[in-house]
Amino acid sequence: MGKYRKPVQIVILLAVLIIGGYAIGTTLFAADETTVPKVGGTPPDFTLVDLNGNVHSLSDYEGKAVVINFWGTFCPPCVKEMPEFERQFAKWKDEGLEILAINLSEDTLTVNNFVRRFELNYPILRDVNRKTERSFGLKSYPTTFFVKPDGKIMEIRVGGMTEQDIDERVIQLLKD
């Protein structure tokens, strides 16, 4: 037994490290997974400032169909879909559609130049400390949340969308 003692101790030590690491990891990351918004759930409330210094809270839009789009000028699909969101906003705003575009902590000059270039008229909000991004559990950009007037998330779309994709979802949002 003496010659097997060291390998057995190593195997036991490795098993304890693996099991312990797994237990600690699932405990730490399980808390994040339970707070990430899901389809059918409600998005976390946030309060952010737009480019004109106006304060917007998600709770201000209670009872309305809301599209929450996380974007950045560094993201080619984001750049492509922002004017498409503008056209959808112009088309549906009188029907009650609200679009909140949350920029991912870029500097003011970059964001202002982008908004001017594409003549965007819906609220562009600034997530300067990325707190809102973290509360929504974002992993890639763009990510768009379609929130029905009852406050429930109808769909979460990761990746760029065409104007037709957006239009189809907005029609669904406004049905209820």
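Under a GNM of the chain (C-alpha, springs under 10 Å), which listed residue has the highest mean-square fluctuation: Ile18, Ile166, Ile153?
Answer for the Gaussian network model of the chain: Ile18.
I need to check one value: relative contact order of the chain, counting alpha carbon pairs closer than 8 Å and at least 6 residues apart, in percent.
After rounding, I find 28 percent.
Over 20 Å between Cα atoms, which of Lys38/Lys152; Lys93/Lys131; Lys38/Lys80; Lys64/Lys131; Lys64/Lys175; Lys64/Lys91 qualify? All intermediate terms of the calculation are to be shown ahead of the outcome.
Working: Lys38/Lys152 9 Å; Lys93/Lys131 28 Å; Lys38/Lys80 26 Å; Lys64/Lys131 24 Å; Lys64/Lys175 12 Å; Lys64/Lys91 16 Å.
Beyond 20 Å between Cα atoms: Lys93/Lys131; Lys38/Lys80; Lys64/Lys131.
Using a 1.4 Å probe on the protein heavy atoms only, what accessible surface does Met161 show? Give it in Å² to the nearest 10.
The accessible area of Met161 comes to roughly 10 Å².
Roughly what % antiparallel, to the nearest 5, for the DSSP beta bridges in the chain?
Taking every DSSP beta bridge with both residues in the chain, the antiparallel ones total about 60 percent.
Which sequence of Arg126, Arg134, Arg157 reflects their accessible areas, 1.4 Å probe, from the largest down?
My answer, sorted largest first, is Arg134, Arg157, Arg126.
At a probe size of 1.4 Å, how large is the accessible area of Asp94, to the nearest 10 Å²?
Asp94 has an accessible surface of roughly 140 Å² with all protein chains in place.
Using a 1.4 angstrom probe on heavy atoms only, work out the carbon and sulfur share of the accessible area of the chain in %.
58 percent
Cα-based Rg of the chain per 2.2 N^0.38 Å, rounded to two decimals?
Rg over 2.2 N^0.38 Å, computed on Cα atoms: 1.39.
Could you tell me the accessible area of Trp92 in Å² (1.4 Å probe, neighbours in place), rounded to the nearest ten?
Roughly 50 Å² of Trp92 is accessible to a 1.4 Å probe.
The values are calculated or read from the model by the stated rules, or taken from the named source; none is laboratory data. The shown structure was predicted, so the numbers you read here are calculated from the model rather than taken from an experiment. The accessibility values were calculated without ligands, DNA or RNA, using every heavy atom of the protein model including side chains. Shrake-Rupley method; radii C 1.70, N 1.55, O 1.52, S 1.80 Å.
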